[in-house]
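Student: Take this structure, written in structure tokens, and hold onto it; I'll ask about it next.
A short reminder: the numbers here are calculations on the coordinates, not readings from a lab. The model shown is predicted, which means the values in this text are computed figures rather than measured ones. When we count neighbours, we look across all protein chains shown, and the Cβ atoms used for this are built from the backbone with ideal geometry, even at glycine.
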Amino acid sequence: MKIFKQKQQSIIPRPFLVQGRDRLAVGILVFFDLDDPQNPLSEQDLWKAVPKQLGTQATLDQGLPKPRGEALVFGSYFAPRGTRRQASTVAVRVGPIEKRLDVFGDRFWEAGRITRPLDFQEMPLRWERAFGGAGDPRNPLGKGLKPILGPGNHLFHPLPNLELPAQTIGSPGDRPEPAGLGALDSQWSPRAEKRGTYDARWKRERWPGYPDDMDWSVFNLAPSDQQLKGFFQGGEPLRIAGMHPDRALIESRLPAIRMRCFVTLNGEYRPHVFPSGPLPSSQVRETDEFREVPTHLETVWLFPGIMRGLVLFRGVTDIADDEMADVLRILVRPEPLDTEPQPIEHYRDLQIRELDRGVNIDPAPLQRAQQQVTDAKRRIGNIPKQIDAIRRSSMGQTPSMPPPDPEEEAIKHHRMLDRSLALVDRMEASKAAVEAKLGVKSGIDNAIFAHHRQHIAELRSNLERTTKELAATKAKIIQGHDEGIKSVNAHLKARPPALQAHSKLDPEQPVKPLYPFKSAYGPWHEAGYPFVVRCRKDLELDEEAQAELHRLGLEPETLRRHWLGLSAQARDWPGTEFGLDPDQQVALPAGLVLPRFDGPKLNRILVRPKGPDDSYSLPLGETLASGSDESALFLESATLIDLPGLAAADAAPVLIVASELEGLYAEQEVGDFCSVLAAESATTALPQAATKALKAAPVVLVALPERYAASAALSKQLRAWQLATPQAAPLEMLAGSTLFETRTKEPVRDWVLRHLPKEMAAAHESGIQLPEPGKHLSPGFMKGFKLNFPDLGAIIPGVIGELRDFHRAKFADMERQRDTLLQDARDRLQARGLDPGLVDQPPPEGPTDFRAGAQAAAQKIRERIQALKQTGHLSAEHEAKMTEAADWCERSGAEGQERWDAGMRQLAEKQQELEQGVAQLKNHQVPEAMKAKFKEAGMDLDKMRPLTREQVIALRERGESPDQADLSGVDLSELDLSGADFSRCKLGRTAFRKAKLDGARFTKAMGQGADFSDASLVGAEFGQAMLKEAIFKQANLQQANFDRAMINGAVLDGADLRAARFHMSMLKQASMKGADFRAARFELTTMGGDATKADFSGIRTKQLQADRMTLDGASFAGATLFRTMFQRSKGEKVNFRDGDLRKLRLAIDSELPGADFSGADLRGAGLRQSDLSGADFSRARLDTAVIDNCYMPGAKLYKASARRTRLRNNNLEGADLRFVNLFSGSVGKTRLVQADLRGAHLYGADLYKVVMGKTRLDGINLRRTLLEGNEDLLK
């Protein structure tokens, strides 16, 4: 039976017999929070909490229907926290049920009077505290009925702690009703009186069902005043007073839900038929009956101490089998009471969908994994772009962002502190909510939250102080710079006009304000670049704008790489600031700023305002700054980038989109394999690279709005592109007119790939095939998965070489300029009659290192001391200070020189290490440090190399082994490699045919299709090897060790595996025809495949799992198969004779007709749902075994010992059960037609619903069975 439910329900199915009819009661438990009853808690929460509340004596439910609803309450009375009471009251209301209890502290009878109650803080509302005691059938657990013996053998007479308000005790002779709110025991008189009559008539007519005079309210557990006529409806109000230490009054409601329940019955169910029927997970058949089981809200349990409640819905329906064999599935679903009930067809279709999935498969993790793979492929594909960006940046061919201002950094850090403070607030609120819900104080001190807030406040104060200091320092630097320029300008302006004219300086402003940072890119860049920088910083600080762009699909890296910015307000400049004509103006609206650069030079500013939808998704009202480059945006594919060691592809597909922002997004999604052109129409001016790419492109896709064909203008636009580029094809948007709308229907990358030729798209797809909704993953779902990394070992050294050559060329230019200036100086000196050689004279020698320089400085100080002393102007105090300064110079110089020398040594070492590393990369070698780390992990990279047959022979002759080598495809047939070490080797298709490999080691070797046919592998080690589909035909594998090996798909036909060892091994889908496994050992191993005529005699197993095996003619004679599981296995005449088969498991439609189990020990075995027709269990030991639902006509159990064996629901028609010992066993519901039970010992056996006819029963022992004394019924 399979159950379909949500995690918020717990299902209790129970079959029962009523007046000869088999019925099924289905109980559905729903656990809820009294503060939130409409959102049920999980089944896991239920079973964690409820048993603790019930205690050891109370029963939750007996699983059988009740004729009326009831409410039970478990818990204690609580005085308000911090107080104590001598007496109080508990009150409970559940819909129409209301009940009050008086609660007292401990009291006693003394001289006929009741003592004053002792005070208390908590009083458990248990039956031990109510009236009763030994001898009171209403409540034998209670107190107050009679005195009891206490400490020191003194009698004392306690009173109950709990009383009903209308039945308070006034004298020792009073016998009030026991007062409580919990469950009554079935043996107590209020319930025992309803059990009915169990007499000879019942035994003859109704056994094992219930008597006809039983009152079904016997299954109501609550006292009668907590029961109602009919059932609860759901949503009834709840009110509980005095049962929580912090909440004197709890008010809530029952969950306002109805519970729908459905069963699927096998309409073709027949007992004693093999196979017994479809699996519950099989799809619905026409013969199945999908039936609704109406339910009632029957029982309510309240646990106010933990603020929890539990409700039970129950329904009852007829079934055909008392063990539910005909019940295939149960489906339950809740519905809100305020909605119309769904038709039964809705739930039938739901079950079909659930069966399609088999289990509730959540596709989200698979989709996330696929997206992660797609992102990884995209990032890997863009590695050439990243390397090219680094290369161009190192060559000064990209713009650079100035460092942030102190105020900007402060804003970022303030936001981080705000998030930290919000986290502290959430944690404190969460703690308070949990405490309120559970009614207990946690061990977390609130002071910790105050401590964290104080720490955040201190950090904020330090941040503000540091920001002010940095801002003041920056202001001083700027002020000093401006004043310096002002002073220089004043000085230059004062010079004679003729000299100013000769120097060609601007008389009004000789030195510009930005000196010395003069731009070489012209006024348009100088005016626009600060605006672009400011806008980029503003976007980085505007989290809301970033979130808006993220919703469109733009990633932060895309925003940074393309310098997107945000202009909060409209701006305008005189055209002269941009180098334009005076009558021109540069005016830009507020909006998203999209700049463009030619190398480091700004050449375009485009602003996109927000559209009517308050987003930047539509290209409405875009403004291009005057003087901007008006050509289309072209972003080339990563495959077109030419790098050392990675030549550019000849061509790449081109995707054409209408707007620049879409172009940036498209490049983000498909730029690793596709170039992107953002052009409004075919008449837009194209850069040269775009023209070249379009001409060479194998595919050109023109992205057009949804239903573009209905628009004459859009159709005309497409024709224009096709005239300009014949291979252009339309790519219709899935929604709207932009990529941002299309991505809501399908990832843009997938959308583009679907429209490329299959062979072109395959390399860029994720390679992971997701199943259809609800379907299982196919075995080859990752067959197409592959990550193609570029050869960084070739690319990086090449790029480093390019950069070295580039910078050497720059230095060469500087050297040429220096030589020109020096020659000019020589010429000038010579023209004035001076010696031109003065230019080439070396500068005076200075100190050669820090120590010498410091000593020279100290010497000068000491010389100054002597000079001042001679003039008499040096005081003793100043002499001491100057002497100390001289000493400090010498000391600092020595320390500085030591640090310098150490640093230079480290630099030299690193330089040498770098040069060695670069050399190794060029030669495709791995650095030694990396080798050492791999060696620590047991991998020697020097050995992990391909070898040939000749090299393996040479190693052998030197006494060495090829461990860790790549031997894929190598033919080592007929070699003597005994004792060789092939550990960690790659053995894909390696041939060892007829090789001698005795004692060889294949530990952790890997490969597929290695061929060991006819090889000798005596004592070989295959520990942790992964040799899929290895071929061991006729191989000698005696005593081989396969510890934790995986050899799935292996071919072992005719192999000799005597005394081989398999521990935690995998040998699935193998071919073992005629293999010899005698005396082999299997432990915690999984095996499957064709073992026709294989010999497993004498093997020893422990927890072997044999799945889907073919065992025709196989022998397990004398084998020890302890706790071995055979499932879905088939074979005729399999020999298990005299085997130790204790706790053997045979299940899931296994078929072993004619199997020989004679003399075998099957104690504790479990044989279920299997075909054992004609099997021989003669003289076998079957004690305590379970043989259930098996097809066994003609089976032999002659003189088998089956004491306490459960031999139920089997077909033993025509079987030989002579002299079988079924003492206290069971053949209930078993078909014994024409069976031979002569001399059988059935003392105390269960014969319930046994089917007999022409059964031979001579000499049978039927004592203590239902047929004792009724043997005439069998004649």
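Student: How large is ³J(HN,Hα) for each residue in segment 467-481, as worked out from phi by the Karplus curve 6.51 cos²θ - 1.76 cosθ + 1.60 (θ = phi - 60°), to whole Hz, x for Gly and Pro?
Tutor: With coefficients 6.51, -1.76 and 1.60, one gets 4, 5, 5, 5, 5, 5, 4, 4, 4, 5, 4, 5, 4, x, 4 Hz.
Student: Listed highest first by mean packing, meaning other Cβ atoms within 10 Å per residue, what order do 564-570, 861-867, 1079-1085 come in?
Tutor: Those peptides, ordered most packed to least, come out 1079-1085, 564-570, 861-867.
Student: Would you please calculate the Kirkwood hydrodynamic radius of segment 7-86 over all C-alpha pairs and express it in Å, rounded to one decimal?
Tutor: 15.7
Student: With both bridge residues required to lie in segment 103-219, what share of the DSSP beta bridges run antiparallel, to the nearest 5%?
Tutor: Approximately 75 percent, going by the DSSP bridge assignments.
Student: From largest to smallest, what semi-axes in whole angstrom does segment 85-138 give when each is the square root of 5 times an eigenvalue of its alpha carbon gyration tensor?
Tutor: 23, 17, 10
Student: Something else: Could you please state, rounded to a whole Å, how far the C-alpha centre of segment 208-266 is from the C-alpha centre of segment 539-572?
Tutor: Each part reduced to its Cα centre gives a spacing of 59 Å.
Student: Let me ask something additional. For the chain, what is the calculated [θ] at 222 nm in deg cm²/dmol (nearest 500), taking -39500 (n - 2.57) for each run of four or more DSSP H residues and dividing by its residue count?
Tutor: For the chain, the value works out to -9500 deg cm²/dmol.
Student: Then there is this: Using amide H atoms built 1.01 Å from N in the peptide plane, name the residues 5+ places from Glu732, or on other chains, whose amide H lies under 5 Å from its own.
Tutor: Leu704
Student: Would you mind telling me the antiparallel percentage of the DSSP bridges in the chain, rounded to 5?
Tutor: Around 50 percent of the beta bridges assigned by DSSP in the chain are antiparallel ones.
Student: If packing is taken as the average count of other Cβ atoms within 10 Å, what order do 1008-1019, 91-102 fall into, highest mean first?
Tutor: The peptides rank, most packed first, as 1008-1019, 91-102.
Student: Give me the Kirkwood hydrodynamic radius of segment 103-219 in Å, from all C-alpha pairs, to one decimal place?
Tutor: 16.3
Student: Here is a further query. Of Lys986/Lys1068; Lys385/Lys758; Lys1033/Lys1133; Lys229/Lys431, which pairs sit farther than 31 Å apart, going by alpha carbon to alpha carbon?
Tutor: Lys229/Lys431
Student: Calculate the spin-label point distance for Lys229 paired with Leu821, positioning each point 7 Å from the Cα along the beta-carbon direction, and give it in nanometres.
Tutor: 11.4
Student: Would you mind computing, in nm to one decimal, how far apart the modelled labels at Met401 and Glu251 are, each placed 7 Å from Cα along Cα→Cβ?
Tutor: 5.7
Student: Please compute the Kirkwood hydrodynamic radius over the chain, one decimal place, Å, based on all pairs of different Cα atoms.
Tutor: Over the chain, the inverse of the mean reciprocal pair distance is 42.2 Å.
Student: Continuing with this model, one more query. What is the spread of the Cα atoms of segment 700-761 along each of their three principal axes, largest first, in whole Å?
Tutor: Principal extents (Cα only, largest first): 28, 28, 14 Å.
Student: Can you tell me how much longer the chain between Lys745 and Asp215 gets when fully stretched, taken as 0.36 nm per residue apart minus their C-alpha distance, in nm with one decimal?
Tutor: 184.6 nm
Student: Next up: Please give the per residue volume of the convex hull enclosing the alpha carbon atoms of segment 851-922, rounded to a whole number of Å³.
Tutor: Convex hull of Cα atoms, per residue: 64 Å³.
Student: 5 Å is the cut-off here: which amide hydrogens, built 1.01 Å from N in the peptide plane, fall below it relative to Val700, excluding neighbours closer than 5 in sequence?
Tutor: Amide H neighbours of Val700, under 5 Å, 5+ apart: Val654, Ala729.
Student: When only C-alpha pairs under 8 Å and at least 6 residues apart count, what is the relative contact order of segment 1019-1067, in percent?
Tutor: Normalised by residue count, the contact order of segment 1019-1067 is 40 percent.
Student: Then there is this: Suppose R0 equals 45 Å. What FRET efficiency, 1/(1 + (r/R0)^6) with r the Cβ-Cβ distance, do Ala894 and Ala867 give to the nearest 0.05?
Tutor: According to the calculation, E is roughly 0.95.
Student: Just the number, please: Stokes-Einstein D of segment 644-721 in µm²/s, Kirkwood Rh from C-alpha pairs, 10 °C, 1.306 mPa s.
Tutor: 118
Student: What is the calculated FRET efficiency for Lys695 to Arg561, with r their C-beta to C-beta distance and R₀ = 25 Å, to the nearest 0.05?
Tutor: Computed FRET efficiency for Lys695 and Arg561: 0.40.
Student: Still on this structure, please answer the following. Could you give P(r) for segment 634-768, binned at 5 Å from zero, as whole percent values over all Cα-Cα pairs?
Tutor: That works out to 2, 11, 21, 24, 21, 13, 5, 2, 1, 0, in percent per bin.
Student: Packing-wise, with mean Cβ within 10 Å as the measure, how do 1159-1165, 12-18 rank, highest first?
Tutor: Top of the packing list down: 1159-1165, 12-18.
Student: With each label point set 7 Å from Cα along the Cα-Cβ vector, what nm distance links Ala520 and Ala712?
Tutor: In this crude spin-label approximation the distance works out to 5.6 nm.
Student: No solvent, one uniform scatterer per C-alpha: report log10 I(q)/I(0) for segment 515-630 via the Debye equation at q = 0.19, 0.22 1/Å, two decimals.
Tutor: Here log10 of I(q) over I(0) equals -1.02, -1.29.
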